[in-house]
Amino acid sequence: MRRSEWLLAAFFIYIAALALVWPLDRAAQAGLGLANAGIVAGLALLARSNREGVAMPRDWYALALVLAAYQEVGWFAPAHHAYSLERFWIYWDRLLLRDWGLKAAVEFFGPLLPALLELSYSLVYALAPFSMALLYGYGRRRRSERFLFIFVLGVLLAYAQFPFWPSEPPRTVFPGEDAPSLDTPFRRFNWWLLEGAGIHTSVFPSAHVSGAFSCAWGMMRALPDRKWAGRFLAVMAALIAVATIYGRYHYAVDALAGLGLSAAAVGIAALIEVAREAPEKDA
């Protein structure tokens, strides 16, 4: 299997094992176990085929499994949140938004920047497919694994921690506090999307931020000859990180932790590449 597929297989095995020791009902434990056994089997079956025609489905299957991973960690949401973490984290948000003037700076020129931030936040789910499409468009499909490994690792490092940091976003725990003064259609869309597809397990670390920055770092390594792509994605990731705080979707510590995880992902990828190149140089 590819390295990204090993990551996904390990994650779904981890979730199935975690479910057995978590206070979930037997039906949920059995369901996660069976579903994840099927997912791992699907990865193994695709890996056994060496046909070129299977390479593209494997790329997109990996991206689809990232969405499945998100839904599965939703099973670990507690019945009731104590909000102890949130009451600690909100201190830094108040400092950043009020005392340091982030909220006022974002809204200084009216609805333009708030709308851009909300639009960027809503596009976070499109960054990985966009990146894959760029690789295909530039005839670099064979480099897709370089991108996928960093992106998948950055996201799964966040998802794997969700059950251990039970928390809810500031927009629900502290409704109205430091909320954006300006409403936009993009903000209403984001609220609608989160109400329908959001989970209530954790907001720490921010998978939005870790995934967005991992996309940027992954594209820089997979498509170094098209520097605009990685730079564009890095700008988008920065906008998304600010949007998560300004829009009250995440706490500042969530965004910072997400950035750290993306750095860890690209660092691990670089170390693996160095380790693989060392025997070749010795030979």
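Computed from the coordinates by the stated procedures, all read-outs in this text should not be read as laboratory data. It should be emphasised that the depicted structure is a prediction, and the values quoted were computed from it without experimental measurement. Glycine also receives a Cβ, built like all others from the backbone with ideal geometry; neighbour counts cover every protein chain displayed.
Observations on the model:
- Taking Lys and Arg as +1 and Asp and Glu as -1, the other residues whose beta-carbon sits under 14 Å from that of G33 total -1.
- Classified by the C-alpha gyration tensor, the chain has an oblate form. Its axis ratio a/c, with a ≥ b ≥ c, is 1.5 or above, and a/b does not exceed b/c.
- Where labels lie 7 Å past Cα in the beta-carbon direction, separation of L116 and R26 in nm: 5.7
- FRET efficiency for the pair Y14 and L45, taken as 1/(1 + (r/R0)^6) with r the Cβ-Cβ distance and R0 = 22 Å, rounds to 0.60.
- Cα→Cβ-extended label distance, 7 Å offset, between E177 and A79, nm: 2.7
- Spin-label pair R276/D99, simplified geometry with 7 Å Cα→Cβ offset, distance in nm: 4.7
- Rounded Å value of the spacing that divides the Cα centres of region 1-64 and region 144-220: 22
- Positive-end residue, region 81-282 charge dipole about Cα centroid, Cβ charges, pick of A128, A229, A243: A229
- Shape of region 1-76, Cα gyration tensor, a/c cut at 1.5: prolate
- Within the chain, the selection of entire DSSP H helices by a Cα span of 30 Å or greater along the long axis and an average Kyte-Doolittle value of at least -1.0 returns 26-48, 252-282.
- For a modelled paramagnetic label at F108, 7 Å from Cα along Cα-to-Cβ, the residues of region 162-181 in reach, with backbone nitrogen under 19 Å, are 180-181.
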